[in-house]
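In what follows, a structure is listed as structure tokens, so that the remarks can point back to it.
Values quoted throughout were computed directly from the atomic coordinates according to the rules given, and no laboratory measurement underlies them. Everything numeric here is computed off the predicted structure, so don't read it as measured data. All Cβ positions, even for glycine, are placed from backbone atoms using ideal geometry, and neighbour counts span all protein chains on display.
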Amino acid sequence: MTGEVIRQQLEAQHINYVPYLYANGLFDSAWPAYRDPIEQQVRPFVDGRITYEEMATNLATALR
């Protein structure tokens, strides 16, 4: 979440930033099964479209 928030803030200032998770290929090398659920559930929370509780519930459900 932190990396995405920072990415969005820097993007607003026209600065390109790649979060650590992507820059170091963690999804590809260590956590491939978590990429889709995390991307689908965390982004709406960071964007303010769902609450933290909704995100946590949705993520837990997606990872079952």
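To the nearest 20 debye, what is the magnitude of the charge dipole of region 24-64 about its Cα centre, counting +1 on the Cβ of each Lys and Arg and -1 on the Cβ of each Asp and Glu? Walk me through the numbers before you get to the answer.
On the way: 4 positive and 6 negative charges, 11 e Å.
Here the size comes out at about 60 debye.
Give the Kirkwood hydrodynamic radius (Å, one decimal) of the chain, defined as one over the mean of 1/r across all pairs of different Cα atoms.
Taking the inverse mean of 1/r over all distinct Cα pairs, the chain comes out at 12.6 Å.
Pop out the ³J(HN,Hα) list for region 38-53 in order, Karplus 6.51 cos²θ - 1.76 cosθ + 1.60 with θ = phi - 60°, rounded to Hz; leave Gly and Pro as x.
Rounded to whole hertz, the list is 5, 5, 6, 9, 7, 4, x, 5, 4, 7, x, 8, 9, 7, 4, 4.
State, to one decimal in nm, how far the label point of E11 lies from the label point of E39, with both points 7 Å from Cα in the Cβ direction.
1.3
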